[in-house]
Structures are given as C-alpha cells and as structure tokens.
Amino acid sequence: MNTTLMLTLLTGAIILSLLLAWRMRSLQASLRTMVPRQWVEESEQNAQTTIEELKGRIGDLEQQLQETRRQWDSRERALIGEQQLRLTSSQSQASQVQTQIAGQCGTLDRSIVELRNVGKTYERWHASMDFLLGHNRAMHNKNDEFASIVRQLVIVALNASIEAARAGAMGRGFAVVADEMRSLSVRAEKLAQDFRSSLYENDLITTTTFQDMQASGKMIVGAVTGLELQNRKILNLLSEQDVAA
C-alpha cells in the first residue's frame, strides 16, 4: 500500500510540474505583451523557484520510493525464507512421524504374527480337548463294563453263600470266602459309582473349558484379522503419501 501511495504522489507531482511549466510559458508569452518586464521576471523567478522545490520533492519521493522498494524486497525475501524454513521443518516432522508410524506398524505386524501363533496353539488345544472328550467317553464305557462285572460278582457271591449254607458244616470255609467276595464286590460297585460321578464332573469341566477355549480362539482370530486390516490400511496411506511427496 505504501508503494502505491508513493507512486501516486510521484505521478501527481510530475504532472503538476509539467502543468506549471506549460502554464509558466503561457504566462510568459502573455505577460510580455501585457505587464512590465520586471514583474514578468519576478514571476519567472518565483515559478522557477517553485519548479526547483517540486523537483526537490520529486527527488525525495523517488528516494523514499526506492527505500520502500528495498524494504519491501527485504521483507519479501525474509518471508519467503521463513516460509521455506517452516515448510522444511514441517516436512522433516512429517517424515519423522511417518518413520515412527512405519516402525509401529512393523511392531504391530510382529505382534499379529505372534497372535496368529497363539491362535494356532488354541487350535492344537482344541484337538487335544477333542481327544480328551473321546478318552472320557471310552472311560465311561470301561467303567460301565466294570460295574456290570461287579454286579455279576455280587450275584455269584450271593449264590455261593446260599450254596455254602446248604452244605452246612462242610461249606463253612466256602461261606467265608463267599462273604469276602460279596464284601469286595459291594466295595467295587461303590467305587465304580464314585468313578462314574467323577467322570461326569470331568465331562462337565472338559466341555466348559473346550467351549471357552473355542470362543477365545475365535475372538483372537477376529481381533487379529481386524488389526491386520488396520495395519494394512495405515501402510497403504503411508505409501500413498510417499508417492505424493
């Protein structure tokens, strides 16, 4: 705005000096025929003095204009330099941030691989739990067979006791053995029942654990998939920014 004002003043002063010079010549031509010579000379001197003053002012305005231009050029160079420094600093900071993000993405990628390995471990546990459930079913079958044998032994021991009682004195020794067999059979039957209850409790614990592990494995797989997608998006954005830069 200062430069525009100075140019306007300088232009006005030049036009004014030209008008005064032209007017002075016109007055000189008119005054030579109308007024005394002394008055004309005084008027010419006054006009010349005015012209000199205007020239001096014009020179001052030109100097001020040049100084204003120098100041403006200096400020413009300073602003450009400052903007370049800010741009360089911003680009450096952006590059550092991109490097940090890329490093974090690499760390996240390694964590994703580790989580996938955990998911594979869960899959192996699932297989082991399936095997354990099958083993429990086999134990149930064996326990049922053992309980059936025990019941048969109880019946055999009871029959032996009856036959020993029929034999009288000659069957006393056999009766003692039959009673002992019946006692052992009763204890074995109770043990089979307790073992069956333990197997059912084991089935419940194993099934619950298997379901929890299966749900946890699915959650881990879902979380890993989501993290992998986000990590891939971030890496793609960084690649696009590098290409744009």
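Modelled this way, with points 7 Å down the Cα-to-C-beta line, the labels at Thr207 and Phe195 are 2.2 nm from one another. Over the stretch 44-195, what relative contact order in percent results from Cα pairs under 8 Å that are six or more residues apart? Value for the stretch 44-195: 17 percent. In straight-distance terms, cross-link reach from Lys142 covers every one of the aspartates and glutamates whose alpha-carbon lies under 16 Å from its own, apart from those fewer than eight places away in the same chain; here that gives Glu189, Asp194, Asp203.
The lysines within cross-link reach of Lys120, meaning a Cα-to-Cα straight distance under 27 Å and a gap of 8 or more places when in the same chain, are Lys218, Lys233. Please list log₁₀ I(q)/I(0) at q = 0.09, 0.13, 0.19 Å⁻¹ for the stretch 102-245, using the Debye equation with identical point scatterers on the alpha-carbon positions. Here log10 of I(q) over I(0) equals -0.57, -0.77, -1.04.
Computing FRET efficiency as 1/(1 + (r/R0)^6) for Thr121 and Arg232, where r is the C-beta to C-beta distance and R0 is 30 Å, gives about 0.80. Extension gain, Val186 to Ile80: 0.36 nm times the residue separation minus the Cα-Cα distance gives 27.8 nm.
Coordinate-derived values only; no laboratory data. For clarity, every value in this text was computed on a predicted model and none was experimentally measured. Here the Cβ is made from the backbone with ideal geometry for all residues, glycine too, and neighbour counts use every protein chain on show.
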